[in-house]
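Have a look at the structure below, then the notes.
Nothing in this text is a laboratory measurement; each read-out follows from the coordinates by a stated rule. Bear in mind the structure is a predicted one, so any value in this text is a computation, not a measurement. Backbone-built Cβ (ideal geometry, glycine too); neighbour counts: all protein chains shown.
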Amino acid sequence: MRQRAPGTSREQILRTPRAAGLAGIVFALLLAAVIVLLRTALPPGAAAAEARLDEGHRRAVSTALELVPFAGIAFLWFMGALREHTGAAEDRFVATAFLGSGLIFVASLFGAAAAAGTVLDADQSSQFGRHFAYTLLTTYAMRMAAVFVLATSTIGRRLGVFPRPLALAGYAVGLVLLAVGSSIAWSELVFPAWALVISLYVLRAGRRAR
């Protein structure tokens, strides 16, 4: 039950917009599109590092870079929707990990996009820019995503706002992102898949509550 400050009327309480529940779905779709576009246009590996970018690959990278800011904005709304769903009774330690990892994830995602954009400035793909982008995305951003998933699942389990199978699935996703990292290609797609499932559950729970 959400507490109301003394002297504050029901109409004065700020409520989370219903559209915030859709932010996780938007984020999941945008991040998945970014990962697919960058993976196909800028494949990792020593052989691919010297390959020239054709027009189709350049267009894919440009599209991915244009989608990244919107994915970051949607993720921030997604974080807000999750906090609204869990309510005010949070463990401060886990809540700090939740907020910190989410913000660092967005910063790492933006940094990876900026590094990937360097390959468009040369006739030949920049090996440093390519490697830097993949390091930020698959090593740092996905590690922070793992902490975010684990913290969210812990909050949901402790407060009982997530069913047990959903919380356990979150732990599995977090461990995959934390342990696998860049060693298995395309493994980072489990993060937007998890965000999509969580968003659908939050939307469904919100409709039931209303």
Query raised in the report: Under a plain spin-label model, where a point goes 7 Å from the Cα along Cα-to-Cβ, how far apart in nm are R164 and R204?
Result: 1.8 nm
Query raised in the report: Once both labels are modelled 7 Å past Cα along the beta-carbon direction, what's the W186-I73 spacing in nm?
Result: 3.1 nm
**Report entry** For region 21-209, projected area of the alpha-carbon convex hull averaged over all directions, nm²
**Finding:** 10.1 nm²
Query raised in the report: Can you work out ³J(HN,Hα) from phi for every residue in region 69-77, in order, using Karplus 6.51 cos²θ - 1.76 cosθ + 1.60 and θ = phi - 60°, giving whole Hz and x for Gly and Pro?
Result: x, 5, 5, x, 5, 4, 5, 5, 5
Requested in this report: Work out how much length L175 to V36 would gain on full extension: take 0.36 nm times their residue separation and subtract the Cα-Cα distance, in nm to one decimal.
Outcome: 47.9 nm
Query raised in the report: Karplus couplings for region 170-180 from phi (6.51 cos²θ - 1.76 cosθ + 1.60, θ = phi - 60°), rounded to Hz, Gly and Pro as x?
Result: x, 4, 5, 4, x, 5, 4, 5, 6, 8, 7
Report task. May I ask you to compute the full-extension gain from A114 to R59, defined as 0.36 nm times their residue separation minus their alpha-carbon distance, rounded to one decimal in nm? Result -> 18.3 nm
Requested in this report: Subtracting the Cα-Cα distance from 0.36 nm times the residue separation, let me have the gained length for E66 to T135 in nm, one decimal.
Outcome: 22.8 nm
Report summary line: Once phi for every residue in region 187-192 is put through the Karplus expression 6.51 cos²θ - 1.76 cosθ + 1.60 (θ = phi - 60°), the whole-Hz ³J(HN,Hα) values, with Gly and Pro written as x, are 5, 5, 5, 5, 5, x
